[in-house]
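Peer 1: Handing you this structure, nothing more for now.
The values are calculated or read from the model by the stated rules, or taken from the named source; none is laboratory data. Remember, it's a predicted structure, so these values are computed and weren't measured experimentally. A quick note on method: Cβ atoms are made from the backbone with ideal geometry, for glycine too, and the neighbour counts reach across all protein chains shown. These accessible areas exclude ligands, DNA and RNA; they are computed on the full protein's heavy atoms, side chains included. Shrake-Rupley method; radii C 1.70, N 1.55, O 1.52, S 1.80 Å.
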Amino acid sequence: MKNDAEAAAAANGVKLTVAAGTTDGDTQTQITAIDNAISEGDKGILITTNGNAVNAALDQAKKAGLFVVALDTAPTPPTVADITYATDNTAAGKLDGQYAAAMLGGKPAVIAMLDLFNNQVVSVDIDRDHGFLEGMGINPGNPNENGQEAKTGTYTGGGKYTIACHQPTTGAIDGGRTAMEDCLSANPDINIVYAINEPAAEGAYDAIRAAGKTGSIKVFAIDGSCAGLKLVSSGEFEADAVQYPGKMAVLGMQAIAKLARGGTKPTTSSGLSFFNTGTALVADKSLSGVTSETPTAGATACWGS
């Protein structure tokens, strides 16, 4: 996001200031950055929100005349931002879940759900978790909360499933590792891992490798970084739902620049409450009934290095 936004800002004659929290969930650093943007008289803010604690500061920014663009994650409620540029995170989770169900082919599924948080509600966390379950044909149970699905039942294709655990990872490698260790302690028969993002998935794989279970447990990630797609090729990830964060940042920056120069406000994608920047599934093996692309094809639009 930072690299693409800076390149586009330079091309469009836009002054862009960048700030970042220290971890997922670090809202105080974001609040300080929002306050600074207001005092500097900026025209707009691009933000990947770390939580609802930033909402009041964003409301103040809007009152001060700044146009607020959310990237990747819609605030709760979405109206806190003027518009959101994001992947359909539910759709991304569904792609992983559909692939998992097709790969299992009716065999028992013992599933570890490695979420973002367990002490706050963030839309990306709910959407990806629920999307994965829905992709497997499992009802999440409550549209506003993780962990409310039936813990046993039948997934698409007639196989039986068991939800072994829901553990928070904070979207970090260390968090994913600890979460996976806890899940394996609770149920050593886990064979499917949903991870909120690639770092959590990497940590989970570290724990799986340490437990000597790399051949029997399949890890599903969401992000689509160039580094993550290499982990699909190497077999650490079974599949990765890819996203295009650079596109989100560029579109958001261009929207603010256009508005500041007297242009019109951007609009959302048809039928959605946000502008959908797209998603696709990358997997090393193609499966009947599931649309996917190879890591080589996915690498043409991946991000990072």
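Peer 1: In whole angstrom, and with the biggest value first, how far do the Cα coordinates of segment 184-258 range along each principal axis?
Peer 2: Result, largest extent first: 54, 25, 15 Å.
Peer 1: Using each residue's phi in segment 180-196, evaluate 6.51 cos²θ - 1.76 cosθ + 1.60 at θ = phi - 60° and report the 3J(HN,Hα) Karplus result to the nearest Hz, with x for Gly and Pro.
Peer 2: In residue order, the calculated couplings are 5, 4, 5, 5, 5, 5, 6, 8, x, 8, 4, 10, 10, 10, 8, 10, 4 Hz.
Peer 1: Could you give the accessible area per residue of the chain, probe 1.4 Å, as a whole number in Å²?
Peer 2: For the chain, the solvent-accessible area averages 44 Å² per residue.
Peer 1: How big is the shadow of the Cα convex hull of segment 173-305, averaged over all directions, in nm²? Intermediate values should be presented prior to the final figure.
Peer 2: Working: hull surface 42.2 nm².
Taking a quarter of the hull surface, the average projection is 10.5 nm².
Peer 1: While we're on this one: Counting only protein heavy atoms and using a 1.4 Å probe, what share of the accessible area of the chain belongs to carbon plus sulfur, as a whole percent?
Peer 2: On the way: 6550 of 13310 Å².
Result for the chain: 49 percent of the exposed heavy-atom area is carbon or sulfur.
Peer 1: Starting from one equal scatterer on each C-alpha and no solvent at all, send me the Debye-based log10 I(q)/I(0) for segment 76-183 at q = 0.12, 0.14 Å⁻¹, two decimals.
Peer 2: Taken in order of the listed q values, log10 I(q)/I(0) reads -0.42, -0.56.
Peer 1: Measure nothing but the geometry: give the 0 to 90° angle between the long axis through the Cα atoms of 198-210 and the longest principal axis through the Cα atoms of the chain, rounded to 10°.
Peer 2: 30
Peer 1: Something else: May I ask for the angle, rounded to the nearest 10°, between helix 123-135 and the longest principal axis of the chain, with both axes built from Cα atoms and the value confined to 0 to 90°?
Peer 2: Its long axis makes an angle of about 30 degrees.
Peer 1: Something else: Once phi is turned into θ = phi - 60°, what whole-Hz ³J(HN,Hα) does the Karplus curve with 6.51, -1.76 and 1.60 give for every residue of segment 276-291, x standing for Gly and Pro?
Peer 2: Using θ = phi - 60°, the values come out as 7, 8, x, 7, 8, 9, 10, 8, 6, 10, 8, 10, 4, x, 10, 7 Hz.
Peer 1: Same structure again: Around residue 293, what is the net charge, scoring Lys/Arg as +1 and Asp/Glu as -1 over all other residues with Cβ under 12 Å from its Cβ?
Peer 2: Numbers: positive: 285; negative: 240, 284.
My count for the surroundings of residue 293 gives -1.
Peer 1: Let me ask something else. Work out, step by step, the length gained on full extension between residue 148 and residue 297: first 0.36 nm times the residue separation, then minus their alpha carbon distance; give nm to one decimal. It would help to have the intermediate numbers written out before the result.
Peer 2: Details: separation 149, 0.36 × 149 = 53.64 nm, distance 3.64 nm.
Value of the extension gain: 50.0 nm.
Peer 1: On to the next question. For residue 118 and residue 269, calculate 0.36 nm times their separation in residues minus their Cα-Cα distance, and state this gained length in nm to one decimal.
Peer 2: Once the chain is fully extended between residue 118 and residue 269, it gains 51.3 nm.
Peer 1: Have a look at the chain and give its Rg and Dmax from the Cα atoms, expressed in angstrom.
Peer 2: Gyration radius and largest Cα-Cα distance of the chain: 19.5, 60 Å.
Peer 1: State the percent of C-alpha pairs, over all pairs in segment 13-112, separated by a distance greater than 19 angstrom. Let's see the in-between values first.
Peer 2: Numbers: 2503 of 4950 pairs.
So the portion of pairs separated by more than 19 Å is 51 percent.
Peer 1: While we're here: Please tell me which of these pairs span more than 26 angstrom C-alpha to C-alpha: 15/265; 2/285; 2/265; 2/218; 107/285?
Peer 2: Numbers: 15/265 20 Å; 2/285 32 Å; 2/265 23 Å; 2/218 32 Å; 107/285 18 Å.
Distance filter (> 26 Å) returns 2/285; 2/218.
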